[in-house]
Amino acid sequence: MQKTVIVINGSGGVGKDTLCHMAEKHFAVRNISSIDPIKELASQCGWRGEKNDRARKFLADLKQLTIGYNDYPLRWLEKEYEKFLSGGDQVLFVHIREPQEIEKFVRTIQGKGGRIVTLLIRGGEQFRHRRGAKAYGNSADDEVEKYNYDFYFTNDHPLNETEAIFIPFFESMLG
């Protein structure tokens, strides 16, 4: 199987990490996020891992500052991609929220001759009911639908049924 990078996106709480963990049961998977290096910086500023709207906005704003200054998140992702190529994993999940950052990363990997696809996870009715029409208040979360993804998966089944549905879908993405 050819090594594949999957840019995965979706609003908070739709099950992205859960689906990645399901894929790990069947494939050699590495899972990273473009926010990982930003979280390291944020912790130096007092962020303690909170996942509330205020913290999400802080992380999104800090990421935008580092993008504007020296494109740090993209440079970090490129280094992680090189590690992936030299390692034994088959799939690299890369969590990126901002449409313009997805596009930059896709172009970068394609320019290196790598195989990359994009995937949006949407929550089912229970997610829409729980979250409602409320915006998160930051572009990273509020603009996840503003990209033309290669694949879309609606996570709307009970957890005990999801793996049996997601894995065949996942395999079809890998070709």
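Structural remarks
- Residue list for the stretch 91-122, restricted to those being basic (K, R), touching a Ser or Thr at 6+ places or on another chain (Cβ under 9 Å), more than 16 Å from F153 (Cβ to Cβ) and surrounded by fewer than 20 Cβ atoms within 10 Å (Cβ to Cβ): R115
- Pairs linking a residue in the stretch 27-46 that is charged (D, E, K, R) to a residue that is buried (at least 18 other Cβ atoms within 10 Å of the Cβ) and assigned to a helix (DSSP H, G or I), with Cβ atoms under 7 Å and 6 or more positions apart or on different chains, are R30/F84; K39/L59.
- Extreme residue, farthest from the chain's Cα centre (by Cα), among residues of the stretch 91-134 that are modelled with pLDDT of 85 or more, of a type in the set (A, V, I, L, M, F, W, C) and not in a strand (DSSP E or B): I109
- For the stretch 63-83, taking the residues that are among the hydrophobic types (A, V, I, L, M, F, W, C) and surrounded by fewer than 19 Cβ atoms within 10 Å (Cβ to Cβ), the one that is nearest to G46 (Cα to Cα) is identified as L65.
- If you check A60, A42, A23 for being crowded, with 17+ Cβ neighbours inside 10 Å and within 22 Å of Y147 (Cα to Cα), only one passes: A60.
- When G88, G137 are checked against the criterion of being small (G, A, S) and either assigned to a helix (DSSP H, G or I) or at pLDDT 95 or above (or both), G88 stands alone in meeting it.
- Verdict on R54 being among the basic types (K, R) and outside any helix (DSSP H, G or I): no
- Every listed requirement among (1) surrounded by fewer than 15 Cβ atoms within 10 Å (Cβ to Cβ); (2) closer than 25 Å to L85 by Cα is met by E50 save one, (2).
The values are calculated or read from the model by the stated rules, or taken from the named source; none is laboratory data. No experiment lies behind these values; they were computed from the predicted model shown. Methodologically, a virtual Cβ is constructed for each residue, glycine included, from the backbone with ideal geometry; neighbour enumeration extends over all protein chains shown.
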